[in-house]
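The structure under discussion appears below in the form of structure tokens.
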Amino acid sequence: MPYRYLGEIATADVAFEATGNSLEEAFAAAAEATLNVMIEEPERIERRESIDVELENDDLEMLLFDFLNELVYYKDSKKLLLRVDEVKIEVEGRFRLRAKLSGEMIDPMKHPLGADVKAVTLHRFSLLRSGDGWTATAVLDI
Amino acid sequence: MATPSALKRISDTVWELPRGYKEGMLVPARIFATEKLIREMDAGVFDQVTNVACLPGIVNYAYCMPDGHWGYGFPIGGMAAFDPATGVISPGGIGFDINCGMRLITTSLTLDEVRPRLKELVDMLFYRVPSGVGSTGFLRLSQDEFRDVIEEGSGWCLKKGFAWPEDIELTEERGCFEGADSSKASRKAVERGFDQVGTLGSGNHYCEIQVARPENVFDREKAEAFGFTLPNQIAVMFHCGSRGFGHQVATDYLQSFLKVMEPKYGIKVRDRELACAPFHSKEGQDYFAAMKCAANMAFANRQMILYLIRGVFSEIFRRSPEDLGMNMVYDVTHNTAKLEDHTIDKKKTRLLVHRKGATRAFAPGMEGIPERYKKTGQPVIIGGSMETGSYLLAGVESGAEAFYTTAHGSGRTMSRHQAKRMYRGSSLQHDMEERGIYVRSVTWGGLAEEAGAAYKSIDEVVEATELAGLSRRVLRLTPIGNIKG
């Protein structure tokens with residue numbers, strides 16, 4: 001997944017930039033970047049449970065904010081580490097997201113733990129068109 | 001780092017950015033720091049503290065403490081007081097980790113008694129006090145029971161036998177923000193936090209075994225009043241907050257304020273993280289009531305961790321926690337907004353004081369501090385990095401200048417990313433052990449990120465607070481054991 005962590009814009013926390021050729025790819029990359037802060041080696045997550053997510057927002061950028069917040073919510077409430085199987089974004093008056101996520105419960109014996117993501121922040125949060133694709137930038141409070 | 005050219009030196013430790021620095025500033029901004037610390041401050045501090053100065057209803061100044069660094073909305077180390085009638089409340093002035101705070105307890109043990117058992121102690125603390133991503137506490141609470149916890153705070157723990165009566169007395173706000181209303185917290189917030197009472201978290205949260213060496217006692221009388229009476233006495237300090245529950249409360253209201261702030265209340269802010277609502281609006285009052293729930297969750301969380309720590313010491317030393325003198329010194333909050341009475345133009349005035357990564361430091365005689373500390377002033381617990389040391393300070397009269405507020409820690413100067421590139425967790429653990437500090441961490445990366453060199457000098461920060469008249473040193477504590485999430 002195309003994302004990289006940005007050392008210089010978050011002294012006490014973690015910042016990343018995630019890119020995609022489509023909006024959907026950028027959303028998925030941002031989700032994976034968030035997951036990879038919580039644990040190392042996200043590719044080792046087995047797809048044992050699946051979750052459907054449906055979100056709506058008038059603002060596309062805030063839709064991404066809501067989407068990343070869902071991952072943080074499932075991490076605490078269901079102890080689930082989730083990867084994106086499928087994500088679709090449509091405009092029906094508002095921006096509407098439907099996603100299929102799957103993964104498994106956190107197991108410190110299996111998943112080398114990273115930092116507990118407290119929140120997705122709006123500090124320098126952006127979702128911008130870049131060339132033919134999209135670039136998302138976010139700072140996570142850890 | 002370059003400081004803004006408009007920065008005026010008011011005294012050796014007070015710096016000001018005037019109203020003209022940025023359009024929309026309603027008051028000047030004041031930063032407390034020594035020359036060295038002000039030169040080291042990141043540019044974000046100057047930008048953010050002056051954004052705060054633009055918020056409606058702000059009184060006197062927007063302040064930043066000597067350990068300031070950039071945060072979300074307010075800088076970390078930020079403090080601002082608002083007129084409750086005309087001012088706002090902002091989650092960005094409180095932080096995502098509502099009532100993240102510090103608790104300090106003494107023991108009647110000395111270094112000679114603890115040193116031979118140190119590894120056992122740290123290892124058992126590491127296994128008993130849950131930390132890291134996904135950890136849950138030992139309490140099995142229903143979501144309804146959790147709603148009692150967040151309305152009652154430490155009082156709930158006392159009722160259930162997890163606290164001593166004096167623990168409550170020695171906690172800021174007596175361990176409970178009055179007026180917490182759990183119906184103002186979302187289902188999601190409750191789901192994120194109901195099984196996390198008694199967990200440390202990760203990041204910069206830790207539990208540390210420390211020693212008060214005789215040469216590090218600066219004020220013997222106050223040290224004794226705070227419970228430090230023996231040479232090389234052992235203490236335990238820990239830092240954590242309201243966990244997923246508090247983080248979700250902050251996120252929920254950040255989103256809800258963004259929707260109403262401009263259309264309904266006509267408030268424009270310079271940074272979305274400063275989303276706010278008039279304090280007296282429905283949204284403002286709902287957030288205040290939910291924030292209090294999160295603050296109470298943090299008090300209960302620290303109380304349950306204290307219960308676990310007492311259990312560990314008792315098991316290792318085969319003596320009761322009472323016999324081991326495991327008494328609380330105090331529990332301070334870092335990230336809150338509170339209604340407090342202060343004096344402005346010689347008149348007692350009620351203010352809504354936001355402190356974000358800043359500690360309340362009430363002076364001797366003030367209401368709101370425990371009876372036994374009426375002569376000494378409120379204890380202030382300042383956590384340093386795991387390699388260097390921490391401080392116990394006391395509030396002073398001259399703190400009135402900053403609404404009785406002081407620093408909260410040492411403040412980072414190096415990013416986590418850079419620290420991880422420069423240090424390896426495993427070799428850092430080894431080096432620290434050679435220097436007499438035994439540390440256990442859930443992750444090597446997390447350990448490397450907390451290396452001492454990633455932080456400002458705690459001695460410099462504390463000295464700045466003393467020179468600025470915000471608080472006075474009582475003693476310095478040196479780490480010997482640490483567990484990290």
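Values in this text are rule-based calculations from the coordinates and carry no lab data. This structure is a prediction, so every number in the text was calculated from the model and none was measured. Counting neighbours? That spans all protein chains shown, and the Cβs are built from the backbone with ideal geometry, glycine included.
Compared with the direct C-alpha span, the chain from B:Ala85 to B:Thr136 gains 14.3 nm at full extension, assuming 0.36 nm per residue. Put simply, when B:298-307, B:136-145, B:97-106 are sorted by average Cβ atoms within 10 angstrom per residue, most first, you get B:298-307, B:97-106, B:136-145.
Coupling constants for the range B:101-118 follow from the phi torsions by the Karplus curve (6.51 cos²θ - 1.76 cosθ + 1.60, θ = phi - 60°), and in residue order they are x, 10, 10, 10, 10, 8, 9, 9, 8, 10, 4, 4, 7, 8, 3, x, 10, 4 Hz; glycine and proline get x.
Under a point-charge model restricted to the Cβ atoms of Lys and Arg (+1) and Asp and Glu (-1), what is the dipole moment magnitude of the range A:3-141 relative to its Cα centre, in debye to the nearest 20?
So the dipole magnitude of the range A:3-141 works out to roughly 200 debye.
In this structure, B:Ala453 and A:Ser130 have a Cβ-Cβ separation that, at R0 = 30 Å, corresponds to a calculated FRET efficiency of about 0.25. Computed from phi, the 3J(HN,Hα) profile of the range B:316-327 under the Karplus parametrisation 6.51, -1.76, 1.60 (θ = phi - 60°) reads 5, 9, 6, 9, 6, x, 5, 5, 7, x, 7, 9 Hz, with x in place of Gly and Pro. Between A:Asn21 and A:Asp58, the modelled label-to-label distance comes to 3.5 nm, taking each label 7 Å out from Cα in the direction of the beta carbon.
The relative contact order of the range A:3-141 comes to 32 percent, based on Cα pairs under 8 Å that sit 6 or more residues apart.
For B:Val380, the residues whose amide H sits under 5 Å from its own are B:Leu393, B:Ala394, B:Gly395, ignoring neighbours fewer than 5 places away on the same chain, with H placed 1.01 Å from N. With a Förster radius of 22 Å, plug the Cβ-Cβ distance of B:Leu230 and B:Ser320 into 1/(1 + (r/R0)^6) and report the FRET value to the nearest 0.05. For R0 = 22 Å, the calculated efficiency reads 0.75. Let me know the Kirkwood hydrodynamic radius for the range A:3-141, please, with Cα pairs as the basis and the value in Å to one decimal. About 15.1 Å, per the Kirkwood formula over Cα pairs. Inter-label distance, B:Ser186 to B:Arg220: 5.6 nm, where each label sits 7 Å from its Cα along the C-beta direction. If I take all pairs of Cα atoms in the protein assembly as shown, what percentage of them are more than 34 Å from each other? Cα-Cα pairs in the protein assembly as shown separated by more than 34 Å: 38 percent. Among residues other than B:Ala6 with Cβ under 14 Å from its Cβ, the summed charge is +2 (Lys and Arg +1, Asp and Glu -1). Working note: Karplus 6.51/-1.76/1.60 with θ = phi - 60° gives the range B:177-189 the couplings 7, 5, x, 5, 10, 5, 6, 8, 9, 6, 4, 4, 4 Hz, where Gly and Pro are set to x. Annotation: amide H of B:Val88 within the under-5 Å range of B:Phe279, sequence separation 5 or more or interchain, hydrogens built in the peptide plane.
What you get for chain B, charging only the Cβ of Lys and Arg (+1) and of Asp and Glu (-1), is a dipole of about 700 debye around the Cα centre. When the Cα positions of B:Ile382, B:Phe257, B:Ala2 are compared along the charge dipole of chain B, B:Phe257 comes out farthest toward the positive end, with charges on each C-beta of Lys, Arg, Asp and Glu.
Across chain B, the relative contact order, built from alpha-carbon pairs under 8 Å that are at least six residues apart, equals 22 percent. Placing R0 at 51 angstrom, the Cβ-Cβ distance between B:Asp341 and B:Gln143 gives a FRET efficiency of 0.90 after rounding to 0.05. Between the alpha-carbon centers of the range B:86-127 and the range B:335-354, tell me the distance in whole angstrom. Each part reduced to its Cα centre gives a spacing of 28 Å.
For the range B:254-293 and the range B:204-237, what is the separation of their C-alpha centers, rounded to whole Å? Value for the Cα centre distance between the two parts: 41 Å.
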